[in-house]
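Down below is the structure, laid out as structure tokens.
None of the figures in this text is laboratory data; all of them are computed from the coordinates on show. Everything quoted here is computed from the prediction, not taken from an experiment. Cβ placement follows ideal geometry from the backbone for every residue including glycine, while neighbour counts extend to all protein chains displayed.
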Amino acid sequence: MNPRRSYAAGTGLFILLGFAALAYLATQTTSLVNFDSGPSYDVTAEFANIGGLKDRAPVKLAGVRIGTVKRITLDQRSMDARVTLAISDRYNQIPEDSYAKIMTSGLLGDQFISLSPGGSPKVLKSGSLIDNTQSALQIEDLIGKFMTGSGGSKAGSSGKK
């Protein structure tokens with residue numbers, strides 16, 4: 001085998017492995033990975049701004065994926081985003097006064113919902129509403145605060161009802 005041919009074969013193999021690695025990373029860092037939680041129950045939360053949150057985004061508690069975003073709709077009365085969360089039945093002891101916050105993976109990563117447990121003895125059930133929410137942090141608001149020394153748009157947190 002002449003040296004040119006072995007370099008071409010090695011280069012081709014290297015490029016093929018690079019594409020395989022990119023495909024693996026693309027499926028692992030997005031919501032394309034199947035999260036099979038089995039049976040689940042639905043709870044809702046309302047946010048003033050969901051940023052780039054998408055259907056099938058992870059729902060995490062203490063960094064552990066416990067569910068997914070099932071549906072995002074607009075509440076016509078309050079003009080807030082109503083997010084339905086499908087939480088695995090295995091996690092059925094989450095206090096009803098828990099806090100839902102839209103977070104971002106890394107600096108520019110995908111968004112997900114992070115739950116922080118409250119202290120109530122009552123637990124979330126199917127159809128429950130999470131009252132304590134914090135909307136997505138908008139990079140435009142942060143830049144506006146930094147550039148002008150004042151706030152951009154209204155604050156992103158809500159504590160309804």
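Among Lys125, Lys60, Lys101, the ranking by other beta carbons within 10 Å of each residue's beta carbon, starting with the fewest, stands as Lys125, Lys60, Lys101. Relative contact order, whole percent, for the range 40-135 stands at 37, derived from Cα pairs under 8 Å and 6 or more residues apart.
Judged by the mean number of other Cβ atoms found within 10 Å, the most tightly packed of the peptides 90-96, 6-12 leads the ranking 90-96, 6-12. Each of Asp75, Asp42 was scored by other Cβ atoms within 10 Å of its Cβ. Arranged with the fewest first, they read Asp75, Asp42. If you take the beta carbon distance between Arg65 and Lys145 as r and set R0 to 35 Å, what does 1/(1 + (r/R0)^6) give as a FRET efficiency, to the nearest 0.05? For R0 = 35 Å, the calculated efficiency reads 0.65.
The Kirkwood hydrodynamic radius of the range 40-159, based on inverse pair distances between different Cα atoms, is 14.8 Å. Ordering Ile113, Ile15 from the fewest to the most neighbouring beta carbons within 10 Å gives Ile15, Ile113.
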